[in-house]
Amino acid sequence: MTQIYPTNSSFKYNSLFISLSVTIMITCDVLVYKTLDFYGLKITFSGILFSFYFLISTVQTEVYGYRQGVKTVWIMVLCQSIFVMVIFIASHTQPENNQISMNFKSLFGEFWRVMVGTWTSVPISYFINGFVISSLKKVFFGRFFFLRYIIASMLTQASLLLSSYPISLSSKYSVNELVIIISTTWSYKVIMSIILLPIGIILAAKIKNLESADVYDWGISYNPFIFGGNKK
């Protein structure tokens, strides 16, 4: 069953996608400073979880359409901003109180960088993801999900890393280290996306069946600042 202009009330599982997206992204905020070394190559631990958010975001757009994906991104940005601001303020409140407080400030004292990165990288990258998935779905008439998924992954991960890591990690790592982190994390995330592709194919088909919906974004506006329905 194809719905072009569905209503939110007709979706049973969309709220679950939103909740998982917010949870993953807030967790990634905390883990952004944690890096892993593999034979001299560095990747951030948050890069591991981002691959799962990409999976969720792509399946949500595939099933529910671009407008639902846009709403999720803005909800996520709002929740992340509140979370980061609270952590940042807490880190600067009586930092000399004890050793734990000093360590907390040392780690999260510049957490505002994560918030700035969130305001830029998350909307940019995942609006790109939604646009690619939605547009190519119409081009291929719903076929070749695997190809649309891989293309979107390569573009989304690149835009996300290039717009967020220079802001959020510049105070922690040198330029050379940043280049290594960005390049290796991008490669890892694309590989992870390919590994998760079978799950994406199965999940998209399952949710479409459960929702009795398979949205094609014919005639919609891709303006991410339209918060209503599928308006032109």
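In whole percent, how big is the carbon plus sulfur part of the accessible area of the stretch 13-211, probe 1.4 Å, protein atoms only?
Values: 6670 of 8890 Å².
It is 75 percent, rounded to a whole number.
Taking only Cα atoms, what is the 0 to 90° angle, nearest 10, from helix 45-64's long axis to the longest principal axis of the chain?
20
At 222 nm, what value in deg cm²/dmol follows for the chain if DSSP H runs of at least 4 each add -39500 (n - 2.57) and the sum is divided by all its residues, to the nearest 500?
Working: 7 runs with 163 residues, N = 232.
Mean residue ellipticity, 222 nm, calculated: -24500 deg cm²/dmol.
I'd like the Karplus ³J(HN,Hα) series for the stretch 154-159: coefficients 6.51, -1.76, 1.60, θ = phi - 60°, whole numbers in Hz, and an x wherever there's a Gly or Pro.
3J(HN,Hα) across the stretch 154-159, in whole Hz: 4, 6, 5, 5, 5, 5.
Could you provide, to the nearest whole Å², the per residue accessible area of the chain with probe 1.4 Å? List each step's numbers first, then the result.
Values: 11030 Å² over 232 residues.
For the chain, the solvent-accessible area averages 48 Å² per residue.
Please compare each pair in LYS12/LYS206; LYS137/LYS206; LYS138/LYS189; LYS12/LYS137; LYS71/LYS206; LYS71/LYS189 to a cut-off of 20 Å on the Cα-Cα distance and tell me which ones are over it.
Where the Cα-Cα span goes over 20 Å, the pairs concerned are LYS138/LYS189; LYS12/LYS137; LYS71/LYS206; LYS71/LYS189.
Using θ = phi - 60° and the Karplus relation 6.51 cos²θ - 1.76 cosθ + 1.60, list the HN-Hα couplings for the stretch 180-197 in order, rounded to whole Hz, with x at every Gly or Pro.
Taking θ as phi minus 60°, the curve returns 5, 4, 5, 5, 6, 5, 4, 4, 4, 5, 5, 4, 4, 4, 5, 4, 7, 3 Hz for the stretch 180-197.
What number in nm² do you get for the stretch 90-169 if you take the convex hull of its Cα atoms and divide its surface by four? Present the calculation step by step, with values, prior to reporting the outcome.
Working: hull surface 25.3 nm².
Over all viewing directions, the stretch 90-169 projects a mean Cα-hull area of 6.3 nm².
Determine the gain in length on full extension of the stretch ILE199-PHE141; use 0.36 nm per residue of separation and subtract their C-alpha separation, reporting nm with one decimal.
Working: separation 58, 0.36 × 58 = 20.88 nm, distance 2.11 nm.
Net length gain for the segment: 18.8 nm.
Please arrange TYR173, TYR149, TYR13 by accessible surface area, largest first, computed with a 1.4 Å probe and ligands excluded. Before the final figure, lay out each step's value.
Details: TYR173 45, TYR149 0, TYR13 75 Å².
The ranking, largest first, comes out as TYR13, TYR173, TYR149.
Compute for the chain: radius of gyration divided by Kirkwood radius, i.e. Rg/Rh, restricted to C-alpha atoms, rounded to two decimals. If you can, show how the numbers build up before the last one.
Working: Rg = 18.6 Å, Rh = 18.5 Å.
Answer for the chain: 1.01.
Nearest 10 degrees, 0 to 90: what angle lies between the long axis of helix 66-91 and the longest principal axis of the chain (Cα atoms)?
10
Using +1 at the C-beta of Lys and Arg and -1 at the C-beta of Asp and Glu, which of VAL30, TRP74, VAL84 has the Cα lying farthest in the positive direction of the dipole of the chain?
Among VAL30, TRP74, VAL84, the one farthest towards the positive end of the dipole of the chain is TRP74.
Could you list the square roots of 5 times each eigenvalue of the Cα gyration tensor of the stretch 131-232, that is, the equivalent ellipsoid semi-axes, sorted largest first and rounded to whole Å?
Working: eigenvalues 196, 71, 25 Å².
One finds semi-axes of 31, 19, 11 Å for the stretch 131-232.
The values are calculated or read from the model by the stated rules, or taken from the named source; none is laboratory data. Source: prediction; values computed, not measured. Glycine gets a Cβ as well: all are built from the backbone with ideal geometry, and neighbour counts include every protein chain shown. The area values use the complete protein model at the heavy-atom level, side chains included, leaving out ligands, DNA and RNA. Shrake-Rupley method; radii C 1.70, N 1.55, O 1.52, S 1.80 Å.
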